[in-house]
Amino acid sequence: MNEKKLLLTGIVGTLIAALCCFTPVLVILFGIVGLSAVVGYLDYVLFPVLGFFIVLTIYAVWRRHKIQRTRG
């Protein structure tokens, strides 16, 4: 995976996970669909996913910086 695609994946994933963690987007969607019993367990999934995408973004920035430093 090239640097741009990795960085874009990290940023988009972080934004989506943060949006779902800190706003009631999934709560409303799960209520509409009828899965409101699952809402209590969202934090067990969303916070690790948010952490993963933050780490992925940091790794992509570090990798991009390392590659640019070796080129010139």
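The values are calculated or read from the model by the stated rules, or taken from the named source; none is laboratory data. The structure presented is a predicted model; accordingly, all values stated were derived computationally and were not measured. Cβ placement follows ideal geometry from the backbone for every residue including glycine, while neighbour counts extend to all protein chains displayed.
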request  = Tell me which residues, restricted to region 52-68, are at pLDDT below 90 and either loosely packed, with under 11 Cβ neighbours inside 10 Å or in contact with a Pro (Cβ under 6 Å, 6 or more places away or on another chain) (or both).
outcome  = Q68
ask   = Mind checking which residues of region 1-51 are in contact with a Ser or Thr (Cβ under 9 Å, 6 or more places away or on another chain) and aromatic (F, W, Y)?
value = F30
request  = Kindly indicate whether any position in region 34-46 is surrounded by 11 or more Cβ atoms within 10 Å (Cβ to Cβ) and not in a helix (DSSP H, G or I).
outcome  = yes
